[in-house]
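Contents: one structure, followed by commentary.
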Amino acid sequence: MVKTKNLLKTLSACAVVLALGGCGGSDDDGSIVACFTADRTVNFKMKASNVPSGQVGVSRSTVGPMNYGGQNLTGQKFFYTRGSTTYEETNYWRVASNGMTGVARVNIDGSVKPSSTFYPQDMSPGQIAKDPDNSYSTFIGFETLSLGGKTFSNTCHFNVVYPDQNVDNTDIWYAPGYAVIKQTYSSGLMSQYDGDL
(Lines give C-alpha, C1' and ligand atoms only; values in the text may rest on other atoms or scores of the structure.)
Protein backbone atom coordinates (compact mmCIF):
# COMPACT_ATOMS: atom_id res chain seq x y z
CA MET A 1 0.00 0.00 0.00
CA VAL A 2 1.34 3.42 -0.89
CA LYS A 3 1.62 5.83 1.99
CA THR A 4 0.87 9.39 0.99
CA LYS A 5 0.75 10.82 4.51
CA ASN A 6 -2.75 11.81 3.54
CA LEU A 7 -1.40 14.55 1.31
CA LEU A 8 -4.94 15.52 0.52
CA LYS A 9 -6.66 14.73 3.78
CA THR A 10 -6.66 18.43 4.41
CA LEU A 11 -8.97 18.88 1.48
CA SER A 12 -11.91 17.33 3.30
CA ALA A 13 -11.83 20.31 5.57
CA CYS A 14 -11.59 22.69 2.66
CA ALA A 15 -13.63 20.94 0.14
CA VAL A 16 -13.18 19.34 0.08
CA VAL A 17 -12.86 17.32 -0.49
CA LEU A 18 -11.59 19.46 -1.22
CA ALA A 19 -13.63 20.51 -4.12
CA LEU A 20 -17.56 22.51 -6.32
CA GLY A 21 -21.36 21.84 -7.57
CA GLY A 22 -23.28 24.43 -9.42
CA CYS A 23 -20.91 27.07 -10.50
CA GLY A 24 -21.31 30.55 -9.15
CA GLY A 25 -19.03 33.52 -9.20
CA SER A 26 -16.64 34.67 -11.86
CA ASP A 27 -13.05 33.57 -12.14
CA ASP A 28 -11.72 36.83 -10.75
CA ASP A 29 -14.24 38.24 -8.28
CA GLY A 30 -12.07 37.65 -5.20
CA SER A 31 -14.63 35.46 -3.44
CA ILE A 32 -14.68 32.09 -1.74
CA VAL A 33 -17.13 30.91 -4.41
CA ALA A 34 -14.73 31.90 -7.21
CA CYS A 35 -11.84 29.97 -5.60
CA PHE A 36 -13.85 26.75 -5.69
CA THR A 37 -15.50 27.25 -9.08
CA ALA A 38 -14.27 25.20 -12.04
CA ASP A 39 -16.71 25.40 -14.95
CA ARG A 40 -14.47 23.36 -17.27
CA THR A 41 -12.06 20.47 -16.85
CA VAL A 42 -8.44 21.48 -16.35
CA ASN A 43 -5.47 19.10 -16.13
CA PHE A 44 -2.17 20.21 -14.68
CA LYS A 45 1.14 18.89 -13.42
CA MET A 46 2.05 19.15 -9.77
CA LYS A 47 5.43 18.76 -8.18
CA ALA A 48 6.10 17.61 -4.66
CA SER A 49 9.17 18.34 -2.57
CA ASN A 50 10.42 17.12 0.81
CA VAL A 51 8.46 13.86 0.36
CA PRO A 52 9.42 11.48 3.20
CA SER A 53 11.12 8.22 2.24
CA GLY A 54 8.59 5.50 1.41
CA GLN A 55 5.84 7.96 0.51
CA VAL A 56 4.62 9.20 -2.86
CA GLY A 57 4.05 12.83 -3.78
CA VAL A 58 1.24 14.10 -6.00
CA SER A 59 2.27 14.32 -9.68
CA ARG A 60 -0.78 15.80 -11.41
CA SER A 61 -4.35 16.93 -10.89
CA THR A 62 -7.64 17.19 -12.75
CA VAL A 63 -10.36 19.59 -11.62
CA GLY A 64 -13.78 20.42 -13.01
CA PRO A 65 -17.39 19.24 -13.25
CA MET A 66 -17.75 15.62 -12.06
CA ASN A 67 -20.48 13.22 -11.00
CA TYR A 68 -20.46 11.55 -7.60
CA GLY A 69 -23.29 9.48 -6.16
CA GLY A 70 -25.62 10.67 -8.90
CA GLN A 71 -24.91 14.32 -8.10
CA ASN A 72 -23.39 16.86 -10.47
CA LEU A 73 -20.62 18.40 -8.40
CA THR A 74 -17.17 19.86 -8.81
CA GLY A 75 -14.27 17.58 -8.05
CA GLN A 76 -10.51 17.49 -7.93
CA LYS A 77 -8.52 14.33 -8.55
CA PHE A 78 -4.94 14.03 -7.39
CA PHE A 79 -2.72 11.44 -9.00
CA TYR A 80 0.25 9.78 -7.28
CA THR A 81 2.60 7.76 -9.48
CA ARG A 82 5.10 5.16 -8.32
CA GLY A 83 6.81 3.33 -11.18
CA SER A 84 4.08 2.21 -13.57
CA THR A 85 1.30 2.40 -10.95
CA THR A 86 -0.88 5.47 -10.49
CA TYR A 87 -3.08 5.98 -7.46
CA GLU A 88 -5.80 8.60 -7.24
CA GLU A 89 -7.72 10.47 -4.59
CA THR A 90 -10.75 12.66 -5.33
CA ASN A 91 -12.49 15.43 -3.43
CA TYR A 92 -16.04 16.52 -4.28
CA TRP A 93 -17.87 19.71 -3.32
CA ARG A 94 -20.93 21.82 -4.14
CA VAL A 95 -20.81 25.53 -4.94
CA ALA A 96 -23.77 27.86 -4.54
CA SER A 97 -24.08 31.63 -4.52
CA ASN A 98 -23.85 31.64 -0.70
CA GLY A 99 -20.67 29.53 -0.48
CA MET A 100 -19.11 26.09 -0.88
CA THR A 101 -19.98 22.86 0.91
CA GLY A 102 -17.75 19.79 1.00
CA VAL A 103 -19.43 16.52 -0.01
CA ALA A 104 -16.89 13.67 0.15
CA ARG A 105 -13.32 12.52 -0.33
CA VAL A 106 -12.61 9.16 -1.99
CA ASN A 107 -9.25 7.98 -0.68
CA ILE A 108 -6.55 6.06 -2.53
CA ASP A 109 -7.79 2.80 -0.95
CA GLY A 110 -11.39 3.47 -2.10
CA SER A 111 -12.70 4.39 1.34
CA VAL A 112 -14.99 7.41 1.49
CA LYS A 113 -14.94 10.22 4.03
CA PRO A 114 -18.10 12.31 3.94
CA SER A 115 -17.76 16.05 4.49
CA SER A 116 -20.26 18.77 5.24
CA THR A 117 -17.97 21.70 5.94
CA PHE A 118 -19.50 24.95 4.74
CA TYR A 119 -17.39 27.90 3.59
CA PRO A 120 -19.55 31.03 3.38
CA GLN A 121 -19.18 33.22 0.31
CA ASP A 122 -18.42 36.26 2.46
CA MET A 123 -15.66 34.77 4.65
CA SER A 124 -13.30 37.34 6.06
CA PRO A 125 -9.68 36.83 7.16
CA GLY A 126 -9.55 35.02 10.49
CA GLN A 127 -12.96 33.39 10.02
CA ILE A 128 -13.07 29.63 10.72
CA ALA A 129 -14.97 26.79 9.01
CA LYS A 130 -15.27 23.64 11.14
CA ASP A 131 -15.59 20.04 9.89
CA PRO A 132 -17.52 17.38 11.85
CA ASP A 133 -14.19 15.54 12.41
CA ASN A 134 -13.05 18.53 14.56
CA SER A 135 -10.58 19.79 11.97
CA TYR A 136 -10.94 23.45 11.16
CA SER A 137 -9.86 25.82 8.40
CA THR A 138 -8.99 29.44 9.03
CA PHE A 139 -9.31 31.78 6.08
CA ILE A 140 -6.04 33.73 5.85
CA GLY A 141 -7.04 35.93 2.91
CA PHE A 142 -6.80 36.45 -0.84
CA GLU A 143 -3.31 36.26 -2.35
CA THR A 144 -1.59 36.31 -5.72
CA LEU A 145 0.76 33.37 -6.41
CA SER A 146 3.12 32.74 -9.32
CA LEU A 147 3.77 29.01 -9.81
CA GLY A 148 4.97 26.99 -12.78
CA GLY A 149 5.15 30.05 -15.04
CA LYS A 150 1.55 31.11 -14.30
CA THR A 151 0.19 33.85 -12.06
CA PHE A 152 -2.97 33.10 -10.07
CA SER A 153 -4.83 36.16 -8.76
CA ASN A 154 -7.25 36.16 -5.83
CA THR A 155 -6.33 32.71 -4.54
CA CYS A 156 -7.99 31.72 -1.26
CA HIS A 157 -5.40 30.86 1.40
CA PHE A 158 -6.52 28.62 4.28
CA ASN A 159 -4.67 27.16 7.25
CA VAL A 160 -6.05 23.75 8.27
CA VAL A 161 -5.57 22.19 11.73
CA TYR A 162 -6.37 18.61 12.77
CA PRO A 163 -6.41 18.65 16.59
CA ASP A 164 -7.71 15.07 17.02
CA GLN A 165 -5.69 13.39 14.27
CA ASN A 166 -2.10 12.47 13.54
CA VAL A 167 -1.96 14.70 10.46
CA ASP A 168 0.27 17.68 9.74
CA ASN A 169 -1.26 21.12 9.89
CA THR A 170 -1.25 22.57 6.41
CA ASP A 171 -1.69 25.71 4.37
CA ILE A 172 -3.72 25.36 1.17
CA TRP A 173 -4.25 27.79 -1.69
CA TYR A 174 -7.31 27.45 -4.00
CA ALA A 175 -7.35 29.30 -7.33
CA PRO A 176 -10.37 30.13 -9.50
CA GLY A 177 -10.73 27.45 -12.18
CA TYR A 178 -8.00 25.25 -10.63
CA ALA A 179 -9.02 24.57 -6.99
CA VAL A 180 -5.95 23.40 -4.99
CA ILE A 181 -2.76 24.75 -6.55
CA LYS A 182 -0.46 24.62 -3.53
CA GLN A 183 -0.18 22.87 -0.17
CA THR A 184 2.53 23.24 2.44
CA TYR A 185 2.74 21.06 5.54
CA SER A 186 4.26 21.69 8.96
CA SER A 187 6.61 18.75 8.26
CA GLY A 188 8.09 20.61 5.25
CA LEU A 189 6.29 18.54 2.61
CA MET A 190 5.01 20.71 -0.22
CA SER A 191 3.08 20.18 -3.46
CA GLN A 192 2.24 22.83 -6.03
CA TYR A 193 1.06 23.60 -9.54
CA ASP A 194 3.75 22.98 -12.19
CA GLY A 195 2.11 23.82 -15.54
CA ASP A 196 -1.00 22.92 -17.53
CA LEU A 197 -1.20 19.62 -19.42
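The values are calculated or read from the model by the stated rules, or taken from the named source; none is laboratory data. Quick caveat, the model's predicted, so the values are computed rather than measured. Quick reminder, even Gly has a Cβ in these numbers, built from the backbone with ideal geometry, and neighbours come from all protein chains shown.
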Residues located in segment 169-195, provided they are of a type in the set (A, V, I, L, M, F, W, C) and not in a loop (DSSP other than H, G, I, E, B): 172, 173, 175, 179, 180, 181, 190
Just the residues that are surrounded by 18 or more Cβ atoms within 10 Å (Cβ to Cβ) and either touching a Lys or Arg at 6+ places or on another chain (Cβ under 6 Å) or hydrophobic (A, V, I, L, M, F, W, C) (or both), please, taken from segment 119-134. 123, 129
Quick one: count up the residues across segment 166-178 that are out of contact with any Ser or Thr (no Cβ under 7 Å at 6 or more places or on another chain) and modelled with pLDDT under 95. 2
Contact list, first residue from segment 180-195 and more than 9 Å from residue 47 (Cβ to Cβ), second anywhere and of a type in the set (S, T, N, Q) and assigned to a loop (DSSP other than H, G, I, E, B), beta-carbon distance below 8 Å, six or more apart or interchain, is 185/169; 186/169; 187/50; 188/50; 189/50
Scanning segment 40-58 residue by residue, the ones that are in a loop (DSSP other than H, G, I, E, B), touching a strand residue (DSSP E or B) at 6+ places or on another chain (Cβ under 7 Å) and not small (Gly, Ala, Ser) total 4
If you take the residues in segment 79-99 that are of a type in the set (A, V, I, L, M, F, W, C) and more than 12 Å from the chain's Cα centre (by Cα), which one is surrounded by the fewest Cβ atoms within 10 Å (Cβ to Cβ)? 96
For segment 141-168, give me each residue that is surrounded by fewer than 16 Cβ atoms within 10 Å (Cβ to Cβ) and assigned to a strand (DSSP E or B). 141, 143, 144, 146, 150, 151, 153
